[in-house]
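The values are calculated or read from the model by the stated rules, or taken from the named source; none is laboratory data. Keep in mind it's a predicted model, so treat the numbers as computed, not measured. Cβ sites come from the backbone with ideal geometry, for glycine too, and all protein chains shown count toward neighbours.
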Amino acid sequence: MTAIRSLLIANRGEIACRIMRTANRMGIATVAVHSDADADAPHVKMADRAVRIGGALPAESYLNAAAVIEAAHKAGADALHPGYGFLSENAAFAEACAAAGLTFVGPPAAAIHAMGDKARAKRLMSQAGVPVVPGYEGEDQSAETLARAAERIGYPVLIKAAAGGGGRGMRKVERAGDLAAALESAAREAENAFGDPSVLIEKLITDARHIEIQVFADRHGNTIHLGERDCSAQRRHQKIVEEAPSPFVTPALRLAMGADAVRAAKAVGYEGAGTVEFIVAQDGTYHFLEMNTRLQVEHPVTEMVTGFDLVEWQLRVAAGERLPAGQDEVILTGHAIEARFYAEDPYDGFRPQSGRILRWRPAEGDGIGIDSGVAEGGVVTPFYDPMIAKVVARGADRAEAIARLVAALRVTAVVGLVTNREFLIDLLSSEAFGAGAMTTGLIDRWIAEGDGILVAPRPGSLDFALAAVALAMRDGGGWFRSSGRAHCPITLVHGEERRETVVHVERGRLAGVSMGGEAIAVAQASLREDRLEFSVDGVTRRAGVLFTGRDVHLDRDGRLFAFHEPDPLVRPPAPKDPRRIVAPVSGVVRAVGVVAGQQVKAGDMLAMVEAMKMENALHAAIDGVVTAIHVASGGQVAAGQMIAEIEPDHG
């Protein structure tokens, strides 16, 4: 056995912090690596030592294998944990670590290579007797061959990147006419994400469940599984909510899938933690999707229902120890659910967000776990995944776990940028989720149909009233001290909505708020630091409050609204100019579809900007002629930067 004394974590954010917690408990020194953008990040401050490895872009830092290995030597680390993402499933990196004398906390490079090529993995699984999805995994990547394969398989089909997973390079195609554009988009994204544009095509199993089995193996020939996780709640093939055990899987199905997952791991000589993912039809038939040769984002739900620390298991197996438990010692107790708390706007196509975190208040309590890699005052940058935290809840049963998770999300507050918190609360509270009826395509169907769960919540009259009260109390210093009456007019704007409010005070006490002809009976308000306490109809309630300049952020019952009090001396901003196309987010220009002098129609794609693992297509808003292009493919752009200019047609 090789004892691990000092561990370098070749990652960032919440997973780096998560690994460090276990390493610290085991008495293992930790080393962080960081890009220029992460110099002050929590994982850097948490580690015993930290080493800068490059610029903000992943290719300059977290994907720079040579810089990471050099950092390990510089800091005196004898082992390296890759976390997930970045270099975690890079066989060449695992080999380079071994060549450098570092213990790689992960499977052998040969296993990573075998499962990293999705086409090869499917062939291996088929040979091992594991059921696979019908499809095409050939080397001929010509458009003609892929089109013939899709016709043979039968629509709808799913295009997948051959060299990686996580939803990158994945496109659903319903009919032949959409295939060419989908192939081009998928190949471009696969090239950018994995350095390989190759794709495979599979039969799309509709109304399916995404069930994955956690496996573990040591170098002494022991391989077991730790039950399943249900990851069916997805948008655009990206997981949002995961739970263990699955409400769909029966004991008999768990036994069969577990046996096939173990068979899959043994087929490639696996060691360490891995996840075998299956697509499961409504009738319970299942097919192998892929194997992730690393720790999964959603591993905490397995830890909560088994009682095992999977990172500790990884470190022990990497050091040459046997698995800490056998298959008969794996007992699933209770239920656990994880929600991925993202900086993204669910009501605008789940567009990633970036910006400074003005307030970060994670939930606490029994059965609640928070894995995060952010801090109040920190910045969510456009360079990396926009996940702020994982919020996990455990209950004696599924209903209790859901209730605890919803309650935790209601009090977990992020102010400063848009998040998906409200959407998560609505999703977990929905009839479909409560009934355990989520399928991989359900949320996308809601998006297409304009389901109410994906309509941005709007503030009501009470929210406007409370925002006005909070501003009046802040500016009035605790109300007027006179024994008479006072009326404080406050104009508030939320998005496109503008309301004229009046806060009424009698004898130094709040008497109510009026808006036009509407009276809001808010009374007995008090403002202490970041909390507003108020009474409505004799019931005392509370709301979080944060002031930023002339804005007030109101957090009430799991809904966060930002209200702006306009300065009467400042001219309102001009409306958007349809002739000027600007970047909606900071990111990398992946494609430019037009040239100066080209005639375009409203709706034509002008450019593609990738940010935080999502492509953002920029379209012409008017008919006209492109007069200027200000960017080039591969270049960086900032939010609001000019992309193109169009001279409108005047016919």
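The single condition among (1) without any contact (Cβ under 8 Å) to a residue 40 or more places away in the chain; (2) over 22 Å from Gly441 (Cα atoms); (3) surrounded by fewer than 18 Cβ atoms within 10 Å (Cβ to Cβ) that Asn222 does not meet is (1).
Which residues, taken from segment 317-335, are of a type in the set (Gly, Ala, Ser) and part of a loop (DSSP other than H, G, I, E, B)?
Passing the criteria: Ala319, Gly320, Ala325, Gly326, Gly334.
For segment 438-467, a residue qualifies if it is closer than 29 Å to Leu492 by Cα, aliphatic (A, V, I, L, M) and assigned to a helix (DSSP H, G or I), and the qualifying residues are Ile453, Leu454, Leu462, Ala465, Leu466, Ala467.
Contact map, segment 18-36: first residue among the acidic types (Asp, Glu), second residue outside any loop (DSSP other than H, G, I, E, B), Cβ cut-off under 8 Å, separation 6 or more or different chains; pairs are Asp36/Arg52; Asp36/Gly54.
On the basis of being outside the structural domain of Asn24 (by TED's automatic domain parsing), out of contact with any Leu (no Cβ under 6 Å at 6 or more places or on another chain) and not in a loop (DSSP other than H, G, I, E, B), does Gln314 make the cut? Here the answer is yes, as Gln314 does meet what is asked.
Suppose we keep only residues that are within 16 Å of the chain's Cα centre (by Cα) and under 18 Å from Glu184 (Cα atoms) within segment 606-615. Which one would you say is modelled with the highest pLDDT? Per the stated criteria, the residue is Glu610. The residues on offer are Gly452, Gly436, and the sole one that is surrounded by fewer than 16 Cβ atoms within 10 Å (Cβ to Cβ), touching a helix residue (DSSP H, G or I) at 6+ places or on another chain (Cβ under 8 Å), more than 17 Å from Ala562 (Cα to Cα) and not assigned by TED's automatic domain parsing to the domain that holds Arg509 is Gly436.
Here Met257 fulfils each of the conditions (1) outside the structural domain of Pro156 (by TED's automatic domain parsing); (2) outside any helix (DSSP H, G or I) apart from (2). Within segment 563-592, the set of residues being of a type in the set (A, V, I, L, M, F, W, C), modelled with pLDDT of 80 or more and out of contact with any Asp or Glu (no Cβ under 6 Å at 6 or more places or on another chain) comprises Phe563, Ile581, Val582, Ala583, Val589, Ala591, Val592. Every listed requirement among (1) in a loop (DSSP other than H, G, I, E, B); (2) modelled with pLDDT of 85 or more; (3) not charged (D, E, K, R) is met by Gly177 save one, (1). Are any of the residues in segment 341-348 farther than 23 Å from His299 by Cα, assigned to a loop (DSSP other than H, G, I, E, B) and out of contact with any Leu (no Cβ under 7 Å at 6 or more places or on another chain)? No, the conditions are met nowhere in segment 341-348.
Say whether the condition of being free of Cβ contacts under 8 Å to residues at least 24 places away in the same chain and either surrounded by 16 or more Cβ atoms within 10 Å (Cβ to Cβ) or not in a strand (DSSP E or B) (or both) is met by at least one residue in segment 367-380. Walk me through it before giving the result.
Initial filter on segment 367-380 (free of Cβ contacts under 8 Å to residues at least 24 places away in the same chain): 376-377.
Among the residues that remain, those that are also either surrounded by 16 or more Cβ atoms within 10 Å (Cβ to Cβ) or not in a strand (DSSP E or B) (or both) are: 376-377.
For segment 367-380, residues free of Cβ contacts under 8 Å to residues at least 24 places away in the same chain and either surrounded by 16 or more Cβ atoms within 10 Å (Cβ to Cβ) or not in a strand (DSSP E or B) (or both): present.
Which members of segment 59-83 meet the condition of being of a type outside the set (A, V, I, L, M, F, W, C) and surrounded by 19 or more Cβ atoms within 10 Å (Cβ to Cβ)? Within segment 59-83, Ser61, Tyr62, Asn64, His81, Pro82, Gly83 qualify.
May I ask you to verify whether Val392 is part of a strand (DSSP E or B) and either of a type in the set (Gly, Ala, Ser) or under 26 Å from Arg542 (Cα atoms) (or both)?
Judged against the criteria, Val392 is a match.
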